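Inspection log for the structure reproduced underneath, given as structure tokens.
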Amino acid sequence: MLYRFVRSFMSVSFFVGSSASVALAQTTPLPAQTPVPAQAAPAPAQTPAAVPKASTGPVDRVRFSGNARIYDFTRTNRVGTNASAFNTEAKLHGEYTFPGTPWTIGVTYFGAEPFGANGTNPGFNKKVDNTLPGYALSLLGEYYLQYKTKYATAWTGKQIINTPWANPSDSRLVPVIFQGTAVSVNLSPNTTLGAMYMARFRHRTSSAFESNTLLTSCDNTGAGVPGDPCNPQFTTQGFLLLYGTQKFSPQLSLNAYNYQVYDIVNMWHLETKYNWAPKSLFNPYVAMQYVAESNTGTSDIGIVKNHTSGFQFGASAGKNIDLALSFNASPYEAFTTASASLCGGGSGKFAPKLGGVFGGGVGLKVPGAPKGTVNCYGGGLASPYTDSYATDPLYTTTISQGLADTHKPGYANKIAGTFQTNDRRFRLILAQGWYNYSLPSAAQDRRREFNADLTYFFNHVDPKQPYRGLAVRYRYADRVQLSAPFDFKYNRAQLEYTF
């Protein structure tokens, strides 16, 4: 594997260097693919780069950056097909600010090439981990027009966004990217209101922007995207997001988001964080989150009833050690419908019978309903843009699973710790999660997962600036559960050079 890393890294570095005059890569540090335990509340929608207050010359007007990565992924199951994938990626980003104005145009090119390491036709080979994916990609992922001042920001086009339930999911070759228009207004230094309409999005394994979601698309067993789950396909109209952030004091903040995912689900996400002694050695904080959702419009995925809450307590155990204890609860919901099919028996419903279309389901028919109606139990969380990605904002989500990925109600606990050296060049994150997904009168689905995430930065690390230089990252996930595949192990190695 080391030989493949070195050989391919040299190839990609040459490619990036020779292409820099054509298109330039995005200034982002090594992506946070698993949440740092002492994480802050999710950030509001952002644009990837700030516009300078004034353009005084070519250096101010033109900005460029980029990176190159090498990946080696291995998935191992006790029962089922094992899979692996090797790939290389280059990301080239450039921006131009019009002199004397707040207007900026930006463009980002993404390219991936496995150099034949995954065999022929890897996109349809079950032994290739196509969640990476293991095949070539080439796309102009971002191109946008942005307006930014001290008081307002607006952009239109294709761009990476950062909101709790529609985010970059940047744990693979190419992040999730959305197409639409966004605007935010700073009412005061501590208050921001914003809105965005995203009509289309690009799966992390596709080069096309499509009018669907992860809950309304299919993988290569149908006509959709390799590496994504196969769900009944619908054309969707994207989502409208309204949000607000309020910082009451340096210690207390509140974020509120409302997603209207047309004809699928309406979702509220609220989160608050209180840090009562930020200057103390222990730097303790408490954070809480609440999610409420219900089906809306034509209910393309069926009935969705969910209320999820979360609690996190974090503190530092010294200068370089952060610890966090997290809990999430997504209890089952009882509701009444006109027919048993709406309880979960109908094809394509979000609440199928156990073992149904969504492979586990959240619906279960129960007796005692009034004449002409049916009582049902449900309660699973529907996440149209993070489903199966394990990149949602719940405190207890781990590398390979979370409450939003099973479509079942349940409970989860996680303990996590982060260790860094004094120079921040070595970082280790360890986490252990426990899960219980279940419905009344149904067999409990208990799981646990251990994660290790190690990063070494070869250059100086400035926590206030994007990292530049070479870094190597290795992540390990070990999941144990009562059903197939019973034991699942994930090894992810990543080498990155950022300039």
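The values are calculated or read from the model by the stated rules, or taken from the named source; none is laboratory data. None of the values given here were measured: they were computed from a predicted structure. Please note: Cβ atoms are built from the backbone with ideal geometry, for glycine as well, and neighbour counts cover all protein chains shown. Heavy atoms of the whole protein, side chains included, go into the accessibility calculation; ligands, DNA and RNA do not. Shrake-Rupley method; radii C 1.70, N 1.55, O 1.52, S 1.80 Å.
Straightening the chain between F486 and T373 buys 36.9 nm, computed as 0.36 nm per residue apart minus the Cα-Cα spacing.
Taking other residues whose beta carbon is less than 11 angstrom from the beta carbon of I177, and scoring Lys, Arg as +1 and Asp, Glu as -1, yields +2.
For I303, the amide hydrogen comes within under 5 Å of the amide hydrogens of F350, A351, counting only partners 5 or more places away or on other chains and with H modelled in the peptide plane. For S138 and N283, the difference between the fully extended length at 0.36 nm per residue and the C-alpha to C-alpha distance is 47.8 nm. Find how much the distance from T120 to Y290 grows on full extension, using 0.36 nm per residue of separation minus their present alpha carbon separation; answer in nm with one decimal. Full-extension gain reported as 56.6 nm. The aspartates and glutamates whose alpha-carbon is closer than 14 Å to the alpha-carbon of K319, local same-chain residues fewer than 8 away aside, are D423. Distance between the 7 Å Cα→Cβ label points at T235 and S211: 0.4 nm. Here segment 426-489 is assigned +1 on the Cβ of each Lys and Arg and -1 on the Cβ of each Asp and Glu. Its dipole about the Cα centre then comes out at about 160 debye. Per residue, segment 81-182 exposes 36 Å² of solvent-accessible protein surface, assessed with a 1.4 angstrom probe and all protein chains in place. With both labels modelled 7 Å from their Cα along Cα-to-Cβ, the Q246 to V472 distance reads 4.9 nm.
Sorting Y389, Y476 by solvent-accessible area of protein heavy atoms yields Y476, Y389, largest first, with a 1.4 Å probe. Taking label points 7 Å from Cα along the Cα-to-Cβ direction, A334 and Y456 give a separation of 5.8 nm.
Each of N118, V79, P102 was scored by the projection of its Cα onto the charge dipole of segment 55-122, and the greatest displacement toward the positive side belongs to V79; charges sit on the C-beta of Lys, Arg, Asp and Glu. Among the trypsin sites (Lys or Arg not before Pro) found in segment 222-320, those both in a DSSP coil and sparsely packed, with 15 or fewer other Cβ atoms within 10 Å of their Cβ, are K279, K319. Evaluating 6.51 cos²θ - 1.76 cosθ + 1.60 at θ = phi - 60° for every residue in segment 239-252, the Karplus couplings come out as 9, 10, 10, 10, 8, x, 10, 9, 9, 6, 6, x, 9, 10 Hz, glycine and proline recorded as x.
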